[in-house]
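Engineer: Starting off with a structure, shown below.
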Amino acid sequence: MQTCIICRKKKADFNDEHVIPDSIQGYYHINTVCTDCNSRMGSAIDNKLINHKFIEFQRFLFNIKGKSGSIPNPFSGTHHLVDNPDRKVVLEIDGKGNLSPRLLPIVPNFKKEPIVDSFIIQVDKKDEGHLDEIIDKIILRNGIDKQRLTSTKIEREIDPYISITLNIDTQDFKVGMLKMAYEFAVDNIPEYFNDELARTISKILYKGDFQDLVKKVLFFGSGFDKEILAPFQNLISFEKKNHYLILLSTKHGLICIINLFNILSIGIRLSNSTKYLKNDLLVGKNDLDDHSFKIFNTRELIEFTFTEMSFGFEYYFSDDQSRMEFELFSNENILSHYHDDGHIAFYNSSGQIVYRSLLDKLESLSSRSLGDTINEMTSEYDLDEELYIKLLPQNKLYRVIKVFASRYRINKL
Ligand SMILES: [Zn+2]
């Protein structure tokens with residue numbers, strides 16, 4: 001028996017829970033949600049999000065099929081013509097995802113005039129091919145005597161101007177994002193499950209109680225504004241096709257920032273405690289092209305977005321003579337550091353290796369941060385012992401007093 005992270009009860013049946021719903025191409029699955037909670041949350045919570053107008057538009061633009069196998073139509077429902085409010089029209093999507101209007105037929109009111117010799121119907125040009133079907137249906141439905149019928153007339157409207165009213169939800173979809181944030185945190189920070197606010201959130205998700213949600217003030221931002229993403233703009237490209245989940249510790253506690261299709265963005269307070277993810281952050285990237293969900297920690301994020309570390313040195317010279325010799329030499333040669341096993345080693349004055357990699361030494365020192373941290377991250381270290389590096393091509397030892405370790409930004413996630 002395993003504990004479900006939503007109902008917090010011991011359960012026997014668990015199945016695949018999509019942290020990011022399948023209908024928006026989520027590739028992040030967990031198996032810590034019981035079957036009951038899973039199916040209940042699918043309809044009560046996920047649907048609020050995946051049927052949000054903004055999400056429907058993205059699914060429509062990227063041809064993302066839902067569970068029924070069809071692309072959602074963000075313009076579903078009956079609309080009317082701008083210059084003729086009585087004329088009803090629907091917007092249809094064909095198999096290729098193209099949107100086109102179809103005027104609904106106008107049929108006379110036969111109740112007023114039950115016995116007819118002829119009638120006029122107005123149909124869309126697209127319905128031309130099955131006019132007989134339409135007419136037969138009208139005849140059958142209204143009990144018209146086909147024998148008496150002498151003529152029918154067809155009118156067409158081409159490329160009409162259509163008036164559409166869309167309802168945009170501004171609250172309920174957020175619970176779908178709260179579910180993602182909670183599951184992402186529980187899955188990656190095991191001790192978070194017992195957090196006070198984690199218990200409150202699982203109760204909200206279990207009950208589907210949206211009123212409680214508003215009271216708790218868990219959200220930063222309206223869900224539509226991008227300001228919340230500003231601190232990450234230099235590291236993450238927030239591409240329209242992708243989804244991003246970012247977990248980080250702030251002075252407000254544990255926060256999850258979610259960006260879906262770069263159209264819905266929100267910050268969610270998951271805990272008031274600052275004890276989780278100290279000095280680290282987790283970025284989950286759901287890649288629609290790659291069909292993958294990958295999680296990056298701070299180190300992996302830096303490795304992906306910045307170059308490998310390169311080093312600069314400040315040397316110590318016992319006299320002006322040796323300084324001048326070095327300057328002359330470094331002007332005429334391209335200096336290269338002596339690499340031992342691919343590492344830059346530190347030597348003592350007699351040429352014996354003290355640290356196989358200078359990083360072993362640097363890790364024990366505190367550093368000062370230089371560079372703009374956006375495109376360059378440089379740490380400056382003062383050495384606290386007498387150490388030398390070997391320089392090629394002359395293979396000579398030089399005493400180092402300062403090390404600069406730099407990375408330069410080359411990529412965005
Ligand atoms: Zn459960």
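The values are calculated or read from the model by the stated rules, or taken from the named source; none is laboratory data. This one's a predicted model, so the numbers in the text were calculated from it and none came from an experiment. Here the Cβ positions follow ideal geometry from the backbone for every residue, glycine too, while neighbour counts run over all protein chains shown. For accessibility, only protein heavy atoms count, side chains too; no ligands or nucleic acids. Shrake-Rupley method; radii C 1.70, N 1.55, O 1.52, S 1.80 Å.
Engineer: Is there a pair in 174/241; 241/294; 65/125; 285/361; 88/226 whose C-alpha atoms are over 26 Å apart, and which pairs would that be? Walk me through the intermediate numbers first.
Structural biologist: Numbers: 174/241 20 Å; 241/294 15 Å; 65/125 28 Å; 285/361 35 Å; 88/226 37 Å.
Where the Cα-Cα span goes over 26 Å, the pairs concerned are 65/125; 285/361; 88/226.
Engineer: Right, here's the next one. Using a 1.4 angstrom probe with every protein chain in place, what is the largest-first accessible-area order of 236, 106? Numbers along the way, then the final one.
Structural biologist: Numbers: 236 0, 106 60 Å².
Of 236, 106, the descending order of accessible area is 106, 236.
Engineer: Just the accessible area per residue of the chain, please: how many Å² with a 1.4 Å probe?
Structural biologist: Value returned for the chain: 54 Å² of accessible area per residue.
Engineer: For the chain, modelled as a Gaussian network with Cα springs under 10 Å, which listed residue fluctuates most, 33, 186, 90?
Structural biologist: Fluctuation is largest for 90.
Engineer: 5 Å is the cut-off here: which amide hydrogens, built 1.01 Å from N in the peptide plane, fall below it relative to residue 280, excluding neighbours closer than 5 in sequence?
Structural biologist: 249
Engineer: Also: Springs between alpha-carbon atoms under 10 Å, Gaussian network over the chain: tell me which of 20, 389, 139 tops the mean-square fluctuations.
Structural biologist: The residue with the greatest mean-square fluctuation here is 139.
Engineer: OK, next. Leaving out same-chain residues fewer than 8 places away, which lysines sit with a Cα under 18 Å from that of residue 9?
Structural biologist: 179, 203, 207
Engineer: Work out the length of the dipole vector of segment 169-301 about its Cα centre, built from +1 on the beta-carbon of each Lys and Arg and -1 on the beta-carbon of each Asp and Glu, and round it to the nearest 20 debye.
Structural biologist: Values: 17 positive and 17 negative charges, 67 e Å.
Dipole magnitude for segment 169-301 comes out near 320 debye.
Engineer: Another one. Please list 177, 309 in order of solvent-accessible area, largest first, computed with a 1.4 Å probe with all protein chains present.
Structural biologist: Values: 177 0, 309 80 Å².
These residues rank, largest area first, as 309, 177.
Engineer: Please work out how much accessible surface residue 252 shows to a 1.4 Å probe, ignoring ligands, DNA and RNA, in Å² rounded to 10.
Structural biologist: Counting only protein heavy atoms, the figure is 100 Å².
Engineer: Can I ask one more? Tell me, what is the 1.4 Å probe accessible area of residue 367, in Å² to the nearest 10?
Structural biologist: Here the accessible area works out near 60 Å².
Engineer: Calculate what fraction, in whole %, of the accessible area of the chain sits on carbon and sulfur atoms when a 1.4 Å probe is rolled over the protein chains.
Structural biologist: 48
Engineer: Of the options 288, 347, 305, report the single residue whose Cα projects farthest towards the positive end of the charge dipole of segment 279-393 (beta-carbon charges: Lys, Arg +1; Asp, Glu -1).
Structural biologist: Ranked along the dipole, the leading option is 288.
Engineer: Sorted by accessible area with a 1.4 angstrom probe, largest first, how do 121, 93 fall? Write down the numbers at each step before the final one.
Structural biologist: Working: 121 0, 93 45 Å².
From most accessible down to least: 93, 121.
Engineer: In percent, what relative contact order does the chain have, based on Cα pairs under 8 Å that are 6 or more apart in sequence?
Structural biologist: Rounded, it is 11 percent for the chain.
Engineer: Further question on the same structure: Answer with one residue from 193, 277, 68: the one whose Cα lies farthest towards the positive end of the charge dipole of the chain, charges on Cβ with Lys, Arg +1 and Asp, Glu -1.
Structural biologist: 68
Engineer: Using 0.36 nm times the number of residues separating residue 12 and residue 297, minus their current alpha carbon distance, what extension gain do you get?
Structural biologist: Contour length minus Cα-Cα distance gives 99.3 nm.
Engineer: May I ask you to evaluate 6.51 cos²θ - 1.76 cosθ + 1.60, the Karplus curve with θ = phi - 60°, for each residue of segment 381-388 and list the ³J(HN,Hα) values in order in whole Hz, giving x for glycine and proline?
Structural biologist: 10, 9, 6, 10, 8, 7, 10, 10
Engineer: Using a 10 angstrom cutoff on alpha carbons, build the Gaussian network for the chain and name the most mobile of 221, 129, 284.
Structural biologist: Ranking 221, 129, 284 by mean-square fluctuation puts 129 first.
Engineer: Based solely on C-alpha atoms, express the radius of gyration and the Dmax of the chain in angstrom.
Structural biologist: Spelled out, the Cα radius of gyration and Dmax of the chain are 33.2, 120 Å.
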